Amino acid sequence: MSKAEKTRQFIIEQTAELFNKKGYAGTSLSDITTATGLTKGSIYGNFENKDEVAKEVYLYNSKRLQTSFINQLNNEMTAREKLFTIIDYYRKTWEINFSRGGCPHLNTAVEADDTMPFLKAEVAKNFENWGNQWSRILEKGKTQKEIVETADSLQYAFQFIALIEGGILLSKTMNNKTYLFNALERIETIIDNELIK
């Protein structure tokens, strides 16, 4: 990694939580310079503009979140074990994720919806990738005779995402983990009652 690449990565890592908490519009250049200890010239020497910083920070936050639970999965697990491992990740890490500002997908989706199409497109890609990850687990479960063959894997995948994101939204807003935990329990019920053979 070159010095310039290291500096870019440093800026991204140092501002990741800041952007997730204050939002992309709410994070000023002075916030970025304060968080990194770098000058305005150094920031813009490594990024074209604040929008580029915002996009790279979102991608970093998104990857960090997904990598956290993907790394816990292995090929020896059944489809149910994989699904429940992802659910358990949210149950076990809700406190640290909330302290970092909550879900970067949710935060960015809400803020970027009508104002930042360049970020909205990235969030849409990540939701699609996330849905495909859930769907692949279900499809593999079908081939291993664990999951009901008639289940629409992608439909269930996005239903799970909607429940998780809705639970996070309510829990973060109401300052009460119960809403997220209820959503996670609902997903477990759906898995055991509708998907597992």
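The values are calculated or read from the model by the stated rules, or taken from the named source; none is laboratory data. Note that the coordinates shown come from a computational prediction; the quantities given were computed from them, not determined experimentally. Glycine also receives a Cβ, built like all others from the backbone with ideal geometry; neighbour counts cover every protein chain displayed. Each accessible area value is taken on the protein alone, full model and side chains, heavy atoms only, with ligands, DNA and RNA left out. Shrake-Rupley method; radii C 1.70, N 1.55, O 1.52, S 1.80 Å.
Does residue 8 fit the bill of being under 23 Å from residue 129 (Cα atoms) and open to solvent by 60 Å² or more (accessible area, probe 1.4 Å)? In short, no.
Confirm whether residue 40 is open to solvent by 70 Å² or more (accessible area, probe 1.4 Å) and under 15 Å from the mean Cα position of the chain (by Cα). Steps first, please.
Values: open to solvent by 70 Å² or more (accessible area, probe 1.4 Å): yes; under 15 Å from the mean Cα position of the chain (by Cα): no.
No, not satisfied.
Residue 13 satisfies every condition listed in (1) within 18 Å of residue 123 (Cβ to Cβ); (2) in contact (Cβ under 8 Å) with a residue 24 or more places away in the chain; (3) open to solvent by 40 Å² or more (accessible area, probe 1.4 Å) except (1).
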